[in-house]
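**Student:** Starting off with a structure, shown below.
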Amino acid sequence: MRTVNRLALLLCGLLAGPVLAQTTVLTARRIHTMDTTQPQVQAMAFDAAGKILAVGQAQALLARYPGAKHLDVGTATVVPGLIDAHGHVEGLGLTFLTVDLVGSANKQEIVGRLRAFEKTLPAGAWLIGRGWDQNDWPDKAFPAAADLDAAFPERPVWLYRIDGHAGWANTAAMRAIQRDLAGNWQPDGGIIRRDAAGRPSGVLIDNAMDLMEAVRPPMDEATAERALVLGMQAAVEHGLTGVHDAGIPLEELRRYQRLADQGQVPLRIYAMADGNKAALQFLCRNGLYRHPSGRLQMRAVKLYADGALGSRGAAMLEDYSDDHGNRGLMVMSAEELAVAADKAHRCGVQVATHAIGDRGNRMALDAYAKVLGRDVDSDHRWRIEHAQILSPDDVPRLAKLHVIASMQPTHATSDMPWAQDRVGPQRIVGAYAWRQVRDAGTHLALGSDFPIESVDPRLGLYAAVTRSDAQGLPAGGWYPDEKLTAFEALRGFTLEAAYAGFGEHEVGSLEAGKRADFVVLAEDPLTVPDAALRSLTIQATYVDGKPVFEASR
């Protein structure tokens, strides 16, 4: 009997040895799991495929998996992988391939940056840039083609505003449109800014930008794919293990698919189709899409209700406080939005609608209520992207309709110098209202809207907790009643963002059965002073238990 037992034990050891050797036990000073049943532990075991086997105390897990690889991160803190619930990966990558105008203090600085970049271009190539914001300039006035024409009389120049909802062209670029832009006509859902004589100034807002997009040279495939690679790499370097890519065409999904097939997608991309177009039709025809790697999926569509606040295109119920007679733009009509939402509903596709102004948000909620009807209590998880200015009457409607608020904390701290000028002292109370929205029972998923804001989620954590700028101003925070706690902010970038993408059973927290997506930080984001959230040290980013970024030591 003893011989049989010895042989059985030996056989079990031989069989278990390779399995345990493929298991990793990570130990740290603390691991914040975001699981309320076991919120803080010191160890986590995961297998070679990146599936979490167990979490718990270090001594217990090391004893439970005696042959496992031991990964000790010392005094570091481990948190679930951070997920940006609203970003634009290709746009982020293009900031490395075109002229970066973010932070430019005036038009002269922009011309200087453009001239430096022009030296890298061949003759005849368009000069493309992004990131200007007239609100950062001394006069705060929209620019004009004339501001560019002296430096670039022949080369077409096309520059996207920081929010992507307006573009600034020189005369050479406007000539390419080959249509008379003068007069008093306007495209649906857009504005061609003109001078007193009706001549185009050079600034096109929202759907008017389509006039330029139709004639500017398209990106070649190699450049477009390179932009995705650069954008994803920047994301993981900042601690992101997932991004909800808000609105991509079918051809961009194909690029992602090629990269995923080659094992070149280092994080999880939750892609949204770009409106009622080919990508949505693809989902309706073929069903919700998921790549075998688990790194790429598309099961949502992004629609647009209105424009942006910075360019006064956000649709308001009443006039802008600093532009009487202007109530913003509806990029889609109520009928168009309802038709697209109904199509998505019939195809089982999640709807996410860009809505910034109080009128834009109300129209989106009205459309949702109409389309969902008796299905309003189903697990639809429809979303409002931004939910930036809400009427007090509409705050409780989000929870009542089971609509997720996908909001971006750094928008508030970027916009606070001028936002109240736009909407006045009464409406600003319902602006960037994270606390009101969350306390009303609405799921609050957080993101950045990069490259409009920085891809760095640490800045989002800081903004959510402080509502202050990098210098800590205003002291105590801007409308501080809307602050979140550090835990709520971290939850917004982890479990709530996962929920917004139907992924909470796979990611968002560190629990047995989920994926080993996590970030190793030198400091603890739940115990450091608020000001330190901006500068947390990212030591490593892991997806499926493998490092996709490790800081140089």
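The values are calculated or read from the model by the stated rules, or taken from the named source; none is laboratory data. Note that the coordinates shown come from a computational prediction; the quantities given were computed from them, not determined experimentally. Virtual Cβ from ideal backbone geometry, glycine too; neighbours counted across all protein chains shown. With ligands, DNA and RNA removed, areas are computed over all heavy atoms of the protein, side chains included. Shrake-Rupley method; radii C 1.70, N 1.55, O 1.52, S 1.80 Å.
**Student:** Mind listing just one residue for me: the one in the stretch 449-508 that is assigned to a loop (DSSP other than H, G, I, E, B) and aromatic (Phe, Trp, Tyr) and, of those, farthest from residue 520 (Cα to Cα)? So that I can check it myself, show each step before the final result.
**Tutor:** Looking only at the stretch 449-508, we keep the residues that are assigned to a loop (DSSP other than H, G, I, E, B), and these are 449-456, 467-479, 483-485, 493-494, 501-508.
Still in the list and also aromatic (Phe, Trp, Tyr): 450, 478-479, 493, 502.
Working: 450: 22, 478: 31, 479: 32, 493: 15, 502: 25 Å.
So the residue we want is 479.
**Student:** Among the listed residues 346, 359, 435, which satisfies the condition of being at pLDDT 95 or above, touching a helix residue (DSSP H, G or I) at 6+ places or on another chain (Cβ under 6 Å) and either basic (Lys, Arg) or farther than 16 Å from residue 276 by Cβ (or both)?
**Tutor:** Values: 346 fails: touching a helix residue (DSSP H, G or I) at 6+ places or on another chain (Cβ under 6 Å); 359 fails: touching a helix residue (DSSP H, G or I) at 6+ places or on another chain (Cβ under 6 Å).
Sole residue among the options that is at pLDDT 95 or above, touching a helix residue (DSSP H, G or I) at 6+ places or on another chain (Cβ under 6 Å) and either basic (Lys, Arg) or farther than 16 Å from residue 276 by Cβ (or both): 435.
**Student:** A follow-up question, please. Would you call residue 419 more than 28 Å from residue 523 (Cα to Cα) and either touching a residue at least 12 places away in the same chain (Cβ under 8 Å) or within 23 Å of the chain's Cα centre (by Cα) (or both)? Walk me through it before giving the result.
**Tutor:** Numbers: more than 28 Å from residue 523 (Cα to Cα): yes; either touching a residue at least 12 places away in the same chain (Cβ under 8 Å) or within 23 Å of the chain's Cα centre (by Cα) (or both): yes.
Spelling it out, residue 419 is indeed more than 28 Å from residue 523 (Cα to Cα) and either touching a residue at least 12 places away in the same chain (Cβ under 8 Å) or within 23 Å of the chain's Cα centre (by Cα) (or both).
**Student:** Hey, another quick one. Return the residues of the stretch 310-340 that are outside any loop (DSSP other than H, G, I, E, B), in contact with a helix residue (DSSP H, G or I) (Cβ under 6 Å, 6 or more places away or on another chain) and touching a residue at least 40 places away in the same chain (Cβ under 8 Å); say none if nothing qualifies.
**Tutor:** Correct list: 320 only.
**Student:** Next up: Among the numbered criteria (1) aliphatic (A, V, I, L, M); (2) part of a helix (DSSP H, G or I); (3) touching a strand residue (DSSP E or B) at 6+ places or on another chain (Cβ under 9 Å); (4) over 25 Å from residue 134 (Cα atoms), which one does residue 445 miss?
**Tutor:** Status for residue 445: all satisfied but (2).
**Student:** Can I ask one more? Could you check the stretch 217-274 and list, in sequence order, the residues that are part of a loop (DSSP other than H, G, I, E, B) and either open to solvent by less than 30 Å² (accessible area, probe 1.4 Å) or closer than 12 Å to residue 89 by Cα (or both)?
**Tutor:** Of everything in the stretch 217-274, those that are part of a loop (DSSP other than H, G, I, E, B) and either open to solvent by less than 30 Å² (accessible area, probe 1.4 Å) or closer than 12 Å to residue 89 by Cα (or both) turn out to be 239, 265, 266, 267.
**Student:** Could you check, for the stretch 103-117, whether at least one of its residues is more than 29 Å from the chain's Cα centre (by Cα), touching a residue at least 24 places away in the same chain (Cβ under 8 Å) and loosely packed, with under 12 Cβ neighbours inside 10 Å?
**Tutor:** No, the stretch 103-117 has no match at all.
**Student:** Go through the stretch 295-345 and count every residue that is at positive phi and in contact with a strand residue (DSSP E or B) (Cβ under 7 Å, 6 or more places away or on another chain). So that I can check it myself, show each step before the final result.
**Tutor:** Initial filter on the stretch 295-345 (at positive phi): 312, 325, 328.
Still in the list and also in contact with a strand residue (DSSP E or B) (Cβ under 7 Å, 6 or more places away or on another chain): 312, 328.
Total satisfying the criteria: 2.
**Student:** May I ask you to list the residues in the stretch 118-147 that are open to solvent by 40 Å² or more (accessible area, probe 1.4 Å), of a type in the set (D, E, K, R) and in contact (Cβ under 8 Å) with a residue 40 or more places away in the chain?
**Tutor:** The answer is 130, 140, 147.
**Student:** List the number of the failed condition for residue 370; all other conditions in (1) more than 25 Å from residue 278 (Cα to Cα); (2) open to solvent by 50 Å² or more (accessible area, probe 1.4 Å); (3) free of Cβ contacts under 8 Å to residues at least 60 places away in the same chain; (4) not acidic (Asp, Glu) hold.
**Tutor:** (1)
**Student:** Residue 279: crowded, with 16+ Cβ neighbours inside 10 Å and closer than 20 Å to residue 450 by Cβ, yes or no?
**Tutor:** Numbers: crowded, with 16+ Cβ neighbours inside 10 Å: yes; closer than 20 Å to residue 450 by Cβ: no.
When the stated conditions are applied, residue 279 does not pass them.
**Student:** If residue 197 meets every condition in (1) among the hydrophobic types (A, V, I, L, M, F, W, C); (2) surrounded by 17 or more Cβ atoms within 10 Å (Cβ to Cβ); (3) under 23 Å from residue 153 (Cβ atoms) apart from one, which number is that one?
**Tutor:** (2)
**Student:** What's the total number of residues in the stretch 288-309 that are part of a loop (DSSP other than H, G, I, E, B) and surrounded by fewer than 24 Cβ atoms within 10 Å (Cβ to Cβ)?
**Tutor:** Looking only at the stretch 288-309, we keep the residues that are part of a loop (DSSP other than H, G, I, E, B), and these are 288, 291-295, 305, 307-309.
Now restrict to residues that are surrounded by fewer than 24 Cβ atoms within 10 Å (Cβ to Cβ): 288, 291-295.
Residues flagged as part of a loop (DSSP other than H, G, I, E, B) and surrounded by fewer than 24 Cβ atoms within 10 Å (Cβ to Cβ) within the stretch 288-309 amount to 6.
**Student:** Considering 23, 95, which residue is β-branched (Val, Ile, Thr), under 25 Å from residue 503 (Cα atoms) and either modelled with pLDDT of 95 or more or open to solvent by 20 Å² or more (accessible area, probe 1.4 Å) (or both)? Reasoning before the result, please.
**Tutor:** Details: 95 fails: under 25 Å from residue 503 (Cα atoms).
Only one candidate qualifies: 23.
**Student:** On to the next question. Do we have residue 519 as within 17 Å of residue 404 (Cβ to Cβ), surrounded by 16 or more Cβ atoms within 10 Å (Cβ to Cβ) and β-branched (Val, Ile, Thr) here?
**Tutor:** Values: within 17 Å of residue 404 (Cβ to Cβ): no; surrounded by 16 or more Cβ atoms within 10 Å (Cβ to Cβ): yes; β-branched (Val, Ile, Thr): yes.
So residue 519 fails the test.
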